[in-house]
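Contents: one structure, followed by commentary.
All of the numbers you see were taken from the coordinates with simple rules; none came from a lab. Note that the structure is a prediction, hence the values are computed from the model and not measured. Using ideal geometry, Cβ is built from the backbone for each residue, glycine included, and neighbour counts are taken over all protein chains shown.
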Amino acid sequence: MAYRSEMESRLAKKTTKAIVDYQMIEDGDLIMVGLSGGKDSWALLQILDVLRRKAPITFSLIAVSVDSGYKEYKHELIASTCRARGWDYRIQHTGIGQTIDDILDDGSTPCSLCARLRRGVLYRIAGEVGANKIALGHHADDFIETLLLNLFFAGALKAMPAKLVSDDGAHVVIRPLVYVEEDEARAYAKECELPIIGCGCPACGDLGRQRQRMKRLLMELEREHPDVKTSMLKALSNVAPRHLLDTRLNPPAELRAKTVPNGVRHGSDTGPTPVRHRSDTCRTPPD
């Protein structure tokens with residue numbers, strides 16, 4: 001079965017590479033796709049369904065939406081779209097929106113807390129439906145923006161993993177769109193005529209949020225350096241722990257010189273450098 005377009009072929013290639021690189025999907029998996037109704041989760045569900053039909057292994061998909069309780073959330077449209085395309089679907093209605101309003105102070109950013117609460121709901125539902133993998137629609141831009149947010153505002157050098165095991169060891173979370181850029185996910189969802197639905201949260205899309213600032217920063221950098229996002233994403237898989245300041249990675253007590261033979265001194269990281277004695281020095285005879 002051929003891909004329907006060049007765009008689908010490109011996304012399939014990038015998603016397959018991520019699946020292979022991080023061993024995300026195995027034969028017999030039941031993968032629960034977190035479906036918010038946004039462009040990224042739609043693109044993920046669609047491309048995984050395409051790959052499922054072509055894969056040499058067998059795996060199944062079920063889409064799950066977590067309704068945070070905002071009245072503007074059009075969950076009926078999500079459900080009808082899934083039915084029309086033959087996708088298994090389940091929705092969980094919650095009061096997460098109200099909980100956030102009760103906990104957070106005015107002006108606080110709700111996104112991080114909302115994501116954690118929704119993740120907890122997904123973990124519970126995964127157990128109920130028997131899913132052994134949970135797929136989330138984070139794309140390459142999300143990884144890079146998270147890196148910058150932690151670097152600039154949290155004093156931490158971290159992004160997010162492409163594959164992780166939950167703290168209790170019960171769930172495996174995968175992010176198959178790690179190599180797919182946001183613009184590609186948007187274009188693919190549009191090409192597939194999938195309805196883009198907002199979560200209904202008043203903070204959604206607020207240009208004053210720090211993540212939006214990171215998006216603008218990356219756009220400015222791309223104007224001068226078109227490959228900057230590719231380089232930053234590559235950096236996340238090309239870490240040099242010895243060149244960081246974290247003493248957990250480089251315990252100072254363990255950083256001691258080793259005894260070396262006479263005539264040899266420590267040089268660069270590439271190895272010892274021989275000491276040159278005066279007798280080894282070539283002298284040019286006088287004219």
Checklist outcome for this item: For the stretch 6-238, percent of DSSP beta bridges that are antiparallel (nearest 5) comes out at 15
Checklist outcome for this item: Comparing Met32, Met219, Met232 in a Gaussian network model of the chain (Cα, 10 Å), the one with the largest mean-square fluctuation is Met219
Checklist outcome for this item: Which residues qualify? For Ile134, with a placed amide H closer than 5 Å and at least 5 residues away or on another chain, they are Met32, Val172, Val173, Ile174
Checklist entry - Once label points are set 7 Å from the Cα along Cα→Cβ at both Arg116 and Glu76, what is their separation, rounded to one decimal in nm? => result 3.5
Checklist entry - Restricting attention to the stretch 30-130, which GluC sites (Glu not before Pro) occupy a DSSP loop and are surrounded by at most 13 other Cβ atoms within 10 Å? => result Glu72
Checklist entry - What translational diffusion coefficient, in µm²/s and rounded to a whole number, does the Stokes-Einstein relation yield for the chain at 20 °C and a viscosity of 1.002 mPa s, taking the hydrodynamic radius as the Kirkwood radius over Cα pairs? => result 97
Checklist entry - Put +1 on the Cβ of each Lys and Arg and -1 on the Cβ of each Asp and Glu in the chain; which of Ala135, Leu45, Thr230 then has its Cα farthest toward the positive end of the dipole? => result Thr230
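Among the listed pairs Lys71/Lys190; Lys14/Lys163; Lys54/Lys234; Lys133/Lys190, give every one whose C-alpha distance is greater than 22 Å.
In this structure, Lys71/Lys190; Lys54/Lys234; Lys133/Lys190 lie more than 22 Å apart at Cα.
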Item to check | Most positive-pole-ward Cα, Cys114, Pro251, Ser80, against dipole of the chain from beta carbon charges | outcome: Pro251
Next on the checklist: Starting from 0.36 nm per residue, how many nanometres of slack lie between Arg53 and Leu221 once their C-alpha separation is accounted for?
Outcome noted: 56.6 nm
Checklist entry - With the radius of gyration and the Kirkwood radius both derived from the Cα set of the stretch 1-46, what is their ratio Rg to Rh? => result 0.99
Checklist entry - Where nothing but the Cβ of Lys and Arg (+1) and of Asp and Glu (-1) is charged, how large is the charge dipole of the chain around its Cα centre, in debye to the nearest 20? => result 800
Item to check | Length added when fully stretched, Ala154-Ser166, from 0.36 nm per residue minus Cα-Cα | outcome: 2.1 nm
Item to check | Relative contact order of the chain, defined on C-alpha pairs under 8 angstrom at six or more residues apart (%) | outcome: 21
